[in-house]
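Visitor: Right, I'll just put the structure down here and ask away after.
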Amino acid sequence: MTSYTDDRAWLLISVSTAGAPGTLRVQVWRKLRSLGALYLQQSVCLLPEREETTRQVRRLLDRVRQHGGSARSLRVTFPDPVEQRQLIGEFNAARDAEYAEVLERLPAFREELDLERARGRVTYAEVEESEADLERFRSWLAKIAARDYFAALGAAEARAAVERCAMELAAFEEDALAAEAPEPNPTPVPGQRQLHIADANELDA
């Protein structure tokens, strides 16, 4: 996330894919969505001017033109501070909605761990599956943070919730280790011959 300064400008982006392959429209929408663009009307959107957004928009517009569409990006400013704050508020509202969606999905992660405990399935296989789920949450959160240009308030809560899930998974993994790992010094079974180092060497020979 890049910090905002009041003298920053904005990128006003206009894209038309008329006459271009149908897949181009989806590609454009996905790219602008990933950047967190705020649509003002159909085919016209706004992004804060940043080094990364400028580079990504330039690449996108070049692709649109190469495939038969038309595109333009203008550098604009909003001298009215009230209008500027309103735009920032709309960007933050969009990011807060995304952070809220992460928070809505996280309880299912914790409930799954509780369910596996109740079933007596505290295993390394479950750890691996949950690790993959946690990594998806972290990746999702990172993508939102990358387009959180104005430090939306929901970010801190979402990050904390993901880290709580990571701590719960770490505890689950400790339990799986205790359940599945062999005892370091197993108690000898009466009448059972113990394998010593010399015996092990004979087996390896």
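The values are calculated or read from the model by the stated rules, or taken from the named source; none is laboratory data. From a predicted model like this one, the values you see are computed outputs, not experimental measurements. Reconstructed Cβ throughout: ideal geometry from the backbone, glycine too, with neighbour counts over all protein chains shown. What goes into the accessible areas is simple: the full protein's heavy atoms, side chains included, and nothing from ligands, DNA or RNA. Shrake-Rupley method; radii C 1.70, N 1.55, O 1.52, S 1.80 Å.
Visitor: Return only the number of the condition from (1) in contact (Cβ under 8 Å) with a residue 12 or more places away in the chain; (2) of a type in the set (A, V, I, L, M, F, W, C); (3) part of a helix (DSSP H, G or I) that ALA108 does not satisfy.
Guide: The failed condition is (1).
Visitor: Which residues, taken from region 105-130, are surrounded by fewer than 17 Cβ atoms within 10 Å (Cβ to Cβ) and either in contact with a Leu (Cβ under 7 Å, 6 or more places away or on another chain) or of a type in the set (S, T, N, Q) (or both)?
Guide: THR123
Visitor: Now, a different point. Being touching a residue at least 24 places away in the same chain (Cβ under 8 Å) and among the small types (Gly, Ala, Ser) is the filter here, so list the residues in region 19-66 that pass it.
Guide: Listed by number, the residues that qualify are GLY19, ALA20, SER34, GLY36, ALA37, SER43.
Visitor: State the number of residues belonging to region 19-33 that are out of contact with any Leu (no Cβ under 6 Å at 6 or more places or on another chain), open to solvent by 50 Å² or more (accessible area, probe 1.4 Å) and either more than 17 Å from GLY68 (Cβ to Cβ) or modelled with pLDDT of 90 or more (or both).
Guide: Here is the first cut: in region 19-33, the residues out of contact with any Leu (no Cβ under 6 Å at 6 or more places or on another chain) are 19-30, 32-33.
Checking which are open to solvent by 50 Å² or more (accessible area, probe 1.4 Å) leaves us with 19, 21-23, 25-27, 29-30, 33.
Checking which are either more than 17 Å from GLY68 (Cβ to Cβ) or modelled with pLDDT of 90 or more (or both) leaves us with 23, 25-27, 29-30, 33.
Total satisfying the criteria: 7.
Visitor: Among the residues of region 73-81, is there at least one that is open to solvent by 40 Å² or more (accessible area, probe 1.4 Å), under 28 Å from VAL28 (Cα atoms), in contact (Cβ under 8 Å) with a residue 24 or more places away in the chain and among the β-branched types (Val, Ile, Thr)?
Guide: Filtering region 73-81 down to residues open to solvent by 40 Å² or more (accessible area, probe 1.4 Å) leaves 73-75, 77-81.
From what is left, the residues that are under 28 Å from VAL28 (Cα atoms) are 73-75, 77-78.
In the following step, the residues that additionally are in contact (Cβ under 8 Å) with a residue 24 or more places away in the chain were identified as 73-75, 77-78.
Those left that are additionally among the β-branched types (Val, Ile, Thr): 77.
Checked region 73-81: at least one residue is open to solvent by 40 Å² or more (accessible area, probe 1.4 Å), under 28 Å from VAL28 (Cα atoms), in contact (Cβ under 8 Å) with a residue 24 or more places away in the chain and among the β-branched types (Val, Ile, Thr).
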